[in-house]
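The values are calculated or read from the model by the stated rules, or taken from the named source; none is laboratory data. Since we're looking at a predicted model, the values are computed, not measured. Every residue, glycine among them, receives a Cβ derived from its backbone with ideal geometry; neighbour counts consider all protein chains shown.
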């Protein structure tokens with residue numbers, strides 16, 4: 001498959017430079033690292049928020065660095081966790097004395113490397129706390145669930161609270177409340193090409209779809225015949241609702257997330273059905289439709305539902321000025 005790249009060895013560096021070139025008043029790159037930080041980082045008396053992971057999920061995570069969201073994002077190679085020393089550089093770049101919260105997706109490499117970086121930072125006198133996002137209901141065991149698009153809601157809500165000047169313990173608690181109340185599931189109509197092998201992560205016939213996929217090209221939990229947009233939307237909505245188990249009185253934030261190669265037209269078509277189903281079961285508070293956490297050129301979408309109380313709604317509604325999230 002043809003790619004709009006120059007030298008494969010420079011893909012990540014050139015991408016990060018391009019992000020900064022597009023938003024030079026919002027973000028900057030820490031020299032000789034894969035770390036993107038807020039232009040004014042560190043922000044005095046503010047808890048620093050750091051996230052990241054392998055590249056290939058753009059706009060996650062560097063696209064969410066900015067006022068009201070992350071203070072830093074650390075990029076690894078495609079689908080590969082950033083190294084502990086790179087994460088440490090991100091922590092040090094945003095520490096203003098109020099502590100740093102790491103927002104980690106539940107993948108073994110990310111968890112290990114971010115935890116190692118936290119230990120290194122604490123050895124240098126920086127207080128570091130961490131949360132691990134586990135929102136993918138395709139995995140039955142809650143402790144083994146992958147962190148996927150629900151991570152963006154953690155960025156937004158924890159970011160808004162940190163922006164208000166809240167202390168580290170309160171920011172961490174808010175992030176943990178989001179994690180406890182967010183669920184996601186995805187479907188693919190076409191796999192992405194794995195960078196290391198140049199082969200698709202799994203095989204799909206033209207008339208097949210993969211339900212329960214991950215964001216690193218992982219095969220899902222079930223291969224099925226392609227169905228209509230309404231049928232696919234209904235299946236994902238029912239599966240996520242079953243796991244979230246909201247009451248009729250609950251307020252829900254919705255994210256319909258494109259996986260990288262799905263036209264926005266199609267995302268709005270599935271959102272139409274999702275809203276119809278949710279409208280009969282819960283109160284839809286706010287909806288986001290677009291590409292928030294992708295998997296290279298995978299065709300498909302994921303659905304994320306988040307239960308929100310009054311405080312979480314206020315934080316969700318707060319201003320954000322990041323390259324990929326302006327509100």
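Observations
- Of the set (1) at pLDDT 95 or above; (2) in a loop (DSSP other than H, G, I, E, B), all apply to residue 219 but (1).
- Any chance residue 281 is in a loop (DSSP other than H, G, I, E, B) and either under 20 Å from the mean Cα position of the chain (by Cα) or surrounded by 15 or more Cβ atoms within 10 Å (Cβ to Cβ) (or both): yes
- Residue match in segment 297-308 (condition: modelled with pLDDT of 95 or more, in a loop (DSSP other than H, G, I, E, B), buried (at least 20 other Cβ atoms within 10 Å of the Cβ) and not assigned by TED's automatic domain parsing to the domain that holds residue 66): no
- Selection from segment 239-260 of residues that are farther than 17 Å from residue 148 by Cα and either crowded, with 17+ Cβ neighbours inside 10 Å or outside the structural domain of residue 298 (by TED's automatic domain parsing) (or both): 246, 250, 251, 252
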